1. Rank the residues 488, 333 as a footprinting-exposure proxy: fewest other Cβ atoms within 10 Å of their Cβ go first.
2. Tell me, 44, 255, 76, 280 in order of fewest to most beta-carbon neighbours within 10 Å?
3. Run the simple label-point estimate for residue 221 and residue 147 please: 7 Å along Cα→C-beta, distance reported in nm.
4. Taking 0.36 nm per residue of separation and subtracting the Cα-Cα distance, what length does fully extending residue 256 through residue 33 add?
5. Would you please give the FRET efficiency between residue 361 and residue 48, computed as 1/(1 + (r/R0)^6) with r the Cβ-Cβ distance and R0 = 51 Å, to the nearest 0.05?
6. If I model a spin label at residue 124 and residue 204 as a point 7 Å from the Cα along the Cα→Cβ vector, what separation in nanometres do I get?
7. Computed FRET efficiency, Cβ-Cβ of residue 354 and residue 289, R0 25 Å: what is it to the nearest 0.05?
8. Given a cut-off of under 8 Å on Cα pairs at least six residues apart, what relative contact order in percent is computed for region 1-69?
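Read the figures in this text as sums done on the coordinates, not as results from a lab. In this text the structure is predicted, and so the values were computed from the model without any measurement. Because the Cβ atoms are built from the backbone with ideal geometry, glycine has one as well, and the counts that use them run over all protein chains shown.
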Amino acid sequence: MTRTFLIQELNRIYLAELENKSTKKEKQNVKNLLGTESYIFNNYNYLYNIFNHVRYDNEKWHEFTREVLVSSESLYYMYDRVIRLIRNFRQPKESFLEIGSGTKSNAVLERFFQLNKLLDLFSEFVYQIYPEIQRRLKFEVETFEVDSPTIKGKVLWSKTINKSLRMGLTFPISFVKQIDESHFHNPENIIFILSILKLYSDSLYLINFPFREPLHSPELQILDRINNSCILLLKNTILQDLIPVVRKHLALSLYHPVIFRIEQEFKNRIEDRVVTNRGYRLLYYWFLKYKHYNVKVNSPRKNNFPITSREHLDAMFELYVLLELLNYFAQKMKAEIKEYNTSNNREDFKRRFTIKIKNISFNLFYEKWYYLKNNSTWSLDSHPDFTVEMNGEVKVIMDAKNWMIERVDEAEYKMLGYLNNQDGNIGILFFPEEKYKITNGLKIITPEIKLKNHVDQCLVDCVLPISPDQNSIWNKNDRLEKISEIIMNSLES
């Protein structure tokens, strides 16, 4: 029995279990039910036995179940949305994609990220380099002499008269002329055209590559956009005569001696200031980045595309929550946001965003540690996903919960511990999927008895959907609005 068989069987059982459930509440609980080891052991013991033979190191049943049953469409939407929002904040993607204790995880940068990196390179070429070069194309001027009866070009009268005298003529019947002819055949223009042809051929290569897991719609959109745009660039450039010449090099590796020689000539011409156009300088450094990227190595090898890897799902959902919240502040509430990033382990937090909305300024921290030794807590060291502070005082504590949490009340109990330990007032929990206990995707829980302290303390359960359908997007924006109001109210009180 193989892992593939186990995945297929689990999917079959999931659909069968859904058919057997009659209420919405029961259907919503099927994933959690199948993620429970005791349920599988008692009802589908053969699955558990197969799992024990094919499991990865330290892999648990509920982790495997989560990876299998999470919607691929939702995951691609989340990954795509995170990348777009990071790009909106003009930050390098890799700086955000840090897992756990700050060590980078290459596994996060899987096929989808590689294709987006290709899109970034393409966008840089099209919007920064191509216009600069097209406006001021570098050309070479060759000078040569011709002898003909027509006067065209610069007549070299001395040579023309001497020739006529040698022939015994009183008047010249032909003229020696100097012709200056310009052409675009130089190393920089060869690299320019080669870059467009490479982008085109590489995108086409990936579209047709037989991935074990076929390309999904967002990936195909990226590649189609690059492919079609390159066709237009080649069609509209005035360097048409160079295309057949450069196409001969297309099959060569970018590290081939022929390409390397052209690249070195290009570099020397920049250093010798033969080429001074800023666009060509940008092109040279872009070409080095594209060589390093190497699409045929980086993308096809991502065959399995394990974007459902257990630690990465939770980390990506954290980023999704953080960036959606920041984006709402910026777009809807016209917030001024400044970011402070640390990766040197000298600070107690991974990221801090200083935010100003109207006359209210506050800090939003991502993964900040609060230590007992610093009097930041009174019982235990604390490490929530997000905290909102104003004037050094914790106002709001937020946590993004994982994908297979079985009981909402367990998450609430943990949040109450944060609030108590850090003397907080507002606790917000984010979930990626609808939970039967959370009515309409957002539930505010206030004490039913009068508290002696923290009289305004409350818990908020919020489902932040990760689906591309319009209804889910509307629900997400509506809940972000409500969460933002809760945060702002806590700061104004």
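1. Values: 488 18, 333 14.
Lowest to highest Cβ neighbour count: 333, 488.
2. Details: 44 16, 255 10, 76 19, 280 24.
Sorted ascending by nearby Cβ count, the order is 255, 44, 76, 280.
3. Spacing of the two 7 Å Cα→Cβ label points: 6.8 nm.
4. Values: separation 223, 0.36 × 223 = 80.28 nm, distance 5.62 nm.
Taking residue 256 through residue 33 to full extension adds about 74.7 nm, to one decimal.
5. Numbers: r = 54 Å, r/R0 = 1.06.
In this case the efficiency is close to 0.40.
6. 2.5 nm
7. 0.20
8. On the way: 42 pairs, mean separation 31.0, N = 69.
45 percent.
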